[in-house]
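Only one structure is covered here, and it is reproduced in the block below.
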Amino acid sequence: MALWGGRFSTGPDEAFKQFNDSLPFDYQLAEQDIIGSVAWAGALKQVNVLNQQEYDDLVAALNKLLDEVKANPQAVAVAGHEDIHSYVESALIDKVGDLAKKLHTGRSRNDQVATDFRLWCRDTAEHILEAIAELKGEFIALAERELGTILPGYTHLQRAQPVLFSHWCMAYVEMLERDESRLTDAKNRMNYCPLGSGALAGTAYPIDRQTLAEGLGFTGATRNSLDAVSDRDFVVELLSCASISMIHLSRMAEDLIFYNSGEAGFIELSDGVTSGSSLMPQKKNPDALELIRGKTGRVFGAFSAMMMTLKALPLAYNKDMQEDKEGLFDAMPTWLACIHMAQACIKGIKVNADKTLAAAKGGHSNATELADYLVAKGIPFREGHHIVGTLVQMAIAQGNNLEDLSLEQFKSVHSIFESDVYPVLEIDACIKARQALGGTSLEQVTSAIKYAKKNSK
Ligand code: ARG
């Protein structure tokens, strides 16, 4: 039964009904719709629309319905009603008859859906925050396990300067901390309750909206009814948090796909997160990481779709806004699954420290050290840079590293070079020199790990 048949002489066309119905996806709001309805029943009792007995009967029936929808959410999806609000009302009529028809007093589906959706978003944000914390923990554990492993650091995908492998891990911990803080902000901002805003103008019953909001775990009630029913910033913010975080995960995936490649051979992914080829028996493909990279586009797609849907919508509620759900209902579980999968990948990584070290030693990635050596001897950096460039060319010509050049060769470019140049070129010296805050020295990375662990408690 539709909630609005009175004004109509015929029912909707079948095609329109299918086009208009949101139950096939908003059934996911069943729990929130029922919890919101229990709270609304309380508000109606407070303004004497419901007496104590009616309230008790309604709440008992709603709680029973809650158990039913929890036990079989899929059954709700195919129940054929227009949306989750119609479904809950009709299921309640089946349980308590006409009394159920009182529950919609002073309430609109517009403030109802805005409330349900915020509750759903808040719960989802909490799950995602937990998953991010776990992923951070996994990166920190890997950083601790591999402390001392040296990795070539890249710019332009050219070997640039050596870094500790743990420094790479902690870079992702930084990103995840920002993801956490962004999501926490979004969660706090969304935590205001639209219920009691009516269709758009506010409810005509003297409901204590602050108490109603607090009962549902909200910080407070929204302050403007027009805004409350038409605001979907919280959806946009959540999708924006998801998109940024997915970008981080995609960069992690890309780094690891490269490290895992036959060409680099820096790491080996566990069998548990890789798959084989149907044709080539030797293959072990990084599918989990490629899917994380691929799904990033899908999450961002939901974000941009939501932005476009909201653009230039007049106040207040418009049916366009029903399009707020499917993208988010797809993007949030996708994001969560990617965080979990990233954790599984990080957990099972085997680092080939000999290979990372050999690669870090190649590519003349100690050239900056050599320039700094010249600076210490009083040569301006720009001039030192040029001298080292000449030496790199010399090393390339003889197919060697800088440390393999003879002292005579060094001196042939500049007489200031002495045998004290060799210790400077050692890879450990390159790492050790990065002592300033945020650098890759063992001390800095160790303190970054300590800070992150303290921060995660
Ligand atoms: N299914 C609708 C939605 O998700 C619920 C609100 C309907 N409101 C209305 N005035 N038709 O947006």
Original post:
A288: part of a helix (DSSP H, G or I) and farther than 27 Å from E237 by Cβ, yes or no?
Top reply: yes
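Need at least 1 residues that are of a type outside the set (S, T, N, Q), out of contact with any Gly (no Cβ under 9 Å at 6 or more places or on another chain) and surrounded by 14 or more Cβ atoms within 10 Å (Cβ to Cβ) per element, so show me which helices (runs of 4 or more DSSP H) inside segment 1-64 make the cut, counting only ones lying wholly within it.
Numbers: elements: 14-20, 23-26, 30-46.
So the answer is 23-26, 30-46.
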Original post:
Within segment 182-196, how many residues turn out to be under 15 Å from C241 (Cα atoms) and either crowded, with 19+ Cβ neighbours inside 10 Å or more than 11 Å from the chain's Cα centre (by Cα) (or both)?
Top reply: 8
**OP:** For residues that are in a loop (DSSP other than H, G, I, E, B), touching a helix residue (DSSP H, G or I) at 6+ places or on another chain (Cβ under 8 Å) and not polar (S, T, N, Q), tally how many sit in segment 252-274.
**Re:** 4
Original post:
Conditions: (1) outside any helix (DSSP H, G or I); (2) under 36 Å from the mean Cα position of the chain (by Cα); (3) of a type outside the set (F, W, Y). D111 meets all but one. Number of the miss?
Top reply: (1)
Original post:
Quick one: in segment 256-287, which of the residues that are closer than 29 Å to G362 by Cβ and small (G, A, S) is surrounded by the fewest Cβ atoms within 10 Å (Cβ to Cβ)?
Top reply: G262
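Is at least one residue of segment 71-82 more than 16 Å from the ligand (Cβ to nearest atom) and crowded, with 16+ Cβ neighbours inside 10 Å?
no
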Original post:
Among all residue pairs at least 6 apart or on different chains, which show Cβ distances below 7 Å where the first residue, located in segment 98-115, is touching a residue at least 40 places away in the same chain (Cβ under 8 Å) and more than 23 Å from S230 (Cα to Cα) and the second is away from the ligand (no atom under 16 Å from the Cβ) and not in a helix (DSSP H, G or I)?
Top reply: K102/V49; K102/L50
Original post:
Would you call R122 assigned to a loop (DSSP other than H, G, I, E, B), touching a helix residue (DSSP H, G or I) at 6+ places or on another chain (Cβ under 9 Å) and of a type in the set (K, R)?
Top reply: no
**OP:** Spot the failing condition for L370; the list is (1) farther than 19 Å from I128 by Cα; (2) crowded, with 17+ Cβ neighbours inside 10 Å; (3) within 16 Å of the ligand (Cβ to nearest atom), and only one is missed.
**Re:** (3)
**OP:** Go through the residues of segment 106-119 one by one and say whether even a single one is away from the ligand (no atom under 16 Å from the Cβ) and either modelled with pLDDT of 95 or more or closer than 20 Å to G196 by Cβ (or both).
**Re:** no
Original post:
In segment 91-125, which residues are farther than 18 Å from A39 by Cβ and buried (at least 18 other Cβ atoms within 10 Å of the Cβ)?
Top reply: T124, A125
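In segment 209-223, which residues are out of contact with any Asp or Glu (no Cβ under 9 Å at 6 or more places or on another chain) and not in a helix (DSSP H, G or I)? Talk me through it step by step, then tell me what you get.
The first filter runs over segment 209-223 and keeps only residues out of contact with any Asp or Glu (no Cβ under 9 Å at 6 or more places or on another chain), leaving 209-219, 223.
Within segment 209-223, L216, G217, F218, T219, R223 qualify.
Restricting the search to segment 83-97, which residues are among the hydrophobic types (A, V, I, L, M, F, W, C) and away from the ligand (no atom under 11 Å from the Cβ)?
Residues of segment 83-97 among the hydrophobic types (A, V, I, L, M, F, W, C): 84, 88, 91-93, 96.
Matches in segment 83-97: V88, A91, L92, I93, V96.
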**OP:** State whether the residues of segment 235-255 include one that is crowded, with 19+ Cβ neighbours inside 10 Å, farther than 27 Å from H156 by Cα and of a type in the set (V, I, T).
**Re:** yes
**OP:** Could you tell me whether any residue of segment 13-28 is within 19 Å of R122 (Cβ to Cβ) and not aromatic (F, W, Y)?
**Re:** yes
**OP:** Please indicate, with yes or no, whether at least one residue in segment 314-331 is touching a residue at least 12 places away in the same chain (Cβ under 8 Å), more than 16 Å from the ligand (Cβ to nearest atom), open to solvent by 10 Å² or more (accessible area, probe 1.4 Å) and under 17 Å from D233 (Cα atoms).
**Re:** no
Original post:
Filter segment 155-173 for residues that are under 16 Å from R434 (Cβ atoms) and free of Cβ contacts under 8 Å to residues at least 24 places away in the same chain; which is surrounded by the fewest Cβ atoms within 10 Å (Cβ to Cβ)?
Top reply: T155
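The values are calculated or read from the model by the stated rules, or taken from the named source; none is laboratory data. Since this is a predicted model, take the numbers as computed values, not measurements. Here the Cβ is made from the backbone with ideal geometry for all residues, glycine too, and neighbour counts use every protein chain on show. These accessible areas exclude ligands, DNA and RNA; they are computed on the full protein's heavy atoms, side chains included. Shrake-Rupley method; radii C 1.70, N 1.55, O 1.52, S 1.80 Å.
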